[in-house]
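Below is one structure, written out as C-alpha cells; comments come after it.
All of the numbers you see were taken from the coordinates with simple rules; none came from a lab. Model, not experiment: these values are computed from the prediction. We place every Cβ from the backbone using ideal geometry, glycine too, and count neighbours over all the protein chains shown.
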Amino acid sequence: MFEMLKEFLHFFPGLESFMLMNTGTAIARIVLMGTGFALVYLGYRRVLDPLLMVPMGIGISMVNAGILLMPALEPGLSRELGTMFVNPLVSTAREHIEALQVYFLQPIYTLAFANGLIACLVFVGIGAITDLDFFISNPRLSLLLAIPAELGTILTFPISVAMGFTPSESAAIAVIGGADGPMVLFASLQLARHLFVPITIVAYIYLSIIYAGYPFLIKMLIPKKMRGVSMDASMMSNVSSGEKLAFSVIMGTLLCLLFPVAAPLFVSFFLGVAVKESNLTRLIRVSDNVILSGATLFLGFTLGCLLSANVVMDPKMFKLIVLGFVALFLSGLGGLLGGVIAYKVSGGKINPLIGIAGVSCLPTTAKVAHKCAHEANPNAFILPYAIGPSIAGVITTAIITACYITRVPHLPF
Amino acid sequence: MDFPLMQFYFSIKIYLISTVIAITMMEIVVLIRRFIKLDWRRDV
C-alpha cells in the first residue's frame with residue numbers, strides 16, 4: 001500500500017516533496033500557503049494594502065506549493081529540494097549564469113533586487129506623485145513633526161543589539177521604524193545582506209498592517225475632540241513649481257554630498273519630484289503608471305516568492321517579528337507625541353494626528369491620519385496637511401538610514 | 001540581558017546629528033523660498 005502511494009506521488013513532485021522534508025518544515029509550508037491565501041483575501045477586502053499584499057500573497061502560497069526535487073546541475077552532485085522561482089543564495093559568476101537559465105524570477109532578482117534598483121524605481125514613482133505644497137509652505141512644522149516620529153528607528157537599534165543581533169543587523173532592523181519600505185530594502189542590502197529577505201518581508205507585512213493597526217493606537221491615545229480638529233486653510237500657501245523644482249535640485253544635491261552611500265535613493269526620489277514639477281507630462285505618466293506600478297507588482301511578488309518555509313524556520317525570524325512591531329509602535333507613539341505637542345503649542349489649531357503622518361509610510365500614514373480625523377469630525381479634511389510631515393519623514397528616515405549605513409560598519413563595538 | 005549602553009549612546013548621537021541636518025534642510029527650504037520670491041526686475 002505504502003509502495004503504491006509512493007509510486008502515485010512520483011507523478012506529483014510537489015506532493016512528493018512533503019515526504020522528503022522534515023515535519024516542521026512541511027508544517028511551515030502548509031501554514032505559509034494558508035498565510036498567502038489570507039494576505040490575498042485581506043488585500044482584496046482592503047483591510048491590508050492591496051497593491052502589495054495581493055502579489056505577495058500569491059507569491060507566498062505558490063512558491064511554497066511548487067517545491068520539487070531539482071535536477072542536479074552537475075553529474076555527481078546530489079539533488080536537493082528547491083523551486084523554479086528564484087534562488088537568492090547564488091554568489092559566484094558561474095552560479096549566476098546557471099541560475100538565470102533555471103529560475104524564472106532570477107533576472108528580476110539579480111538585476112533589480114540584489115542591487116536595490118527596485119527600491120530606487122519605487123522612489124522615482126513616489127517622487128512623481130508627491131505633492132510638496134504643505135511641506136514647502138511649512139517646512140519647520142513638517143520637519144519638527146517628523147523628528148519625534150523616528151523614535152522607533154533610534155531606540156530599536158540598542159534593543160536589537162540587546163536581543164543578540166550584530167550592530168549592522170540591528171541598524172538594518174531599526175530602519176523598519178522609519179516605515180519606508182524601499183529604505184528598509186536598501187539598508188538591509190547594504191548592512192545585512194544575509195538577512196535582507198526576512199527583514200524586508202517583516203517590514204512590508206507590518207507596513208501593510210499599519211493601515212489597520214495605527215487607527216487603534218490613535219483612538220487609544222488621542223481623545224475624540226482633539227482628533228476632530230479642522231486645520232486652518234491659511235497654513236497652505238501657494239507654492240510655485242519653480243520653488244519645488246529648486247528645492248528638489250538643491251536638497252537632492254546636498255543630501256548626495258553628505259551621504260554618497262545613499263545617493264541612489266536620494267537621486268531617485270528627487271528625480272521623480274523634478275519630473276513632476278517640470279510638468280513633463282509624458283515622463284510623469286511613465287513614472288507613475290509604468291515604473292511605480294511595475295516596480296510595486298514585482299516587489300510584492302518577488303518578496304512573496306522569497307518567503308519559503310526555510311526562511312520562516314530561521315530562529316531569527318521570531319525576534320525580527322517582535323522587533324518590527326516594537327520599531328513601528330515606538331515610531332507611531334513618537335509621532336503622536338509630536339502631534340500633541342504641536343497641538344498644545346499652537347493653541348489647538350493643529351490636528352495632533354498629522355504627527356503620526358511623520359512616520360513616513362508615504363502616503364499610507366497620511367491617509368490613516370485623515371481617515372481617523374474624518375471619522376471624529378466629518379468636516380475635518382487634513383490629508384493635504386498630513387502629507388507635509390510624511391514627506392519630511394521620508395527625508396529624516398533617509399538621513400538616519402544614511403548615518404547608519406555610513407557609520408555602523410566602522411563602529412569599534 | 002544587559003542593555004547595550006554604548007549602542008544606545010550611538011543611536012542618540014545619530015538622532016541628534018540627523019536632527020541638526022534636518023533643521024539645516026528646513027532653513028534651506030525657507031531660504032530657497034525667499035530667494036525665489038525676490039523680484040529681480042526691481043533693480044533694473
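In the range A:56-76, is there at least one residue being part of a loop (DSSP other than H, G, I, E, B) and buried (at least 20 other Cβ atoms within 10 Å of the Cβ)? There is at least one residue in the range A:56-76 that is part of a loop (DSSP other than H, G, I, E, B) and buried (at least 20 other Cβ atoms within 10 Å of the Cβ). Filtered by the rule that a residue be assigned to a helix (DSSP H, G or I) and either in contact with a Ser or Thr (Cβ under 7 Å, 6 or more places away or on another chain) or among the β-branched types (Val, Ile, Thr) (or both), the range A:44-55 gives A:51, A:52, A:53, A:54. Scanning the range A:134-174 for residues that are of a type in the set (Val, Ile, Thr) and more than 8 Å from chain B (Cβ to nearest Cβ) gives A:153, A:156, A:159, A:166, A:173.
Inclusion of residue A:226 among residues that are surrounded by fewer than 23 Cβ atoms within 10 Å (Cβ to Cβ) and aliphatic (A, V, I, L, M) is warranted. Taking residues in the range A:393-411 that are touching a residue at least 12 places away in the same chain (Cβ under 8 Å), and partners anywhere that are assigned to a loop (DSSP other than H, G, I, E, B) and aliphatic (A, V, I, L, M), the pairs with Cβ atoms closer than 8 Å and at least 6 places apart or on different chains are A:393/A:179; A:393/A:359; A:393/A:362; A:394/A:362; A:396/A:147; A:397/A:179.
One residue stands out among those in the range A:385-413 that are over 12 Å from residue A:259 (Cβ atoms) and among the small types (Gly, Ala, Ser): the one that is nearest to the other protein chains (Cβ to nearest Cβ), which is A:392. Based on this model, can you work out whether residue A:37 counts as more than 23 Å from residue A:185 (Cβ to Cβ) and either assigned to a helix (DSSP H, G or I) or in contact with a strand residue (DSSP E or B) (Cβ under 9 Å, 6 or more places away or on another chain) (or both)? Yes: the conditions hold for residue A:37.
From the list A:242, A:213, A:177, the lone residue that is within 14 Å of chain B (Cβ to nearest Cβ) and either under 19 Å from the mean Cα position of the chain (by Cα) or polar (S, T, N, Q) (or both) is A:177.
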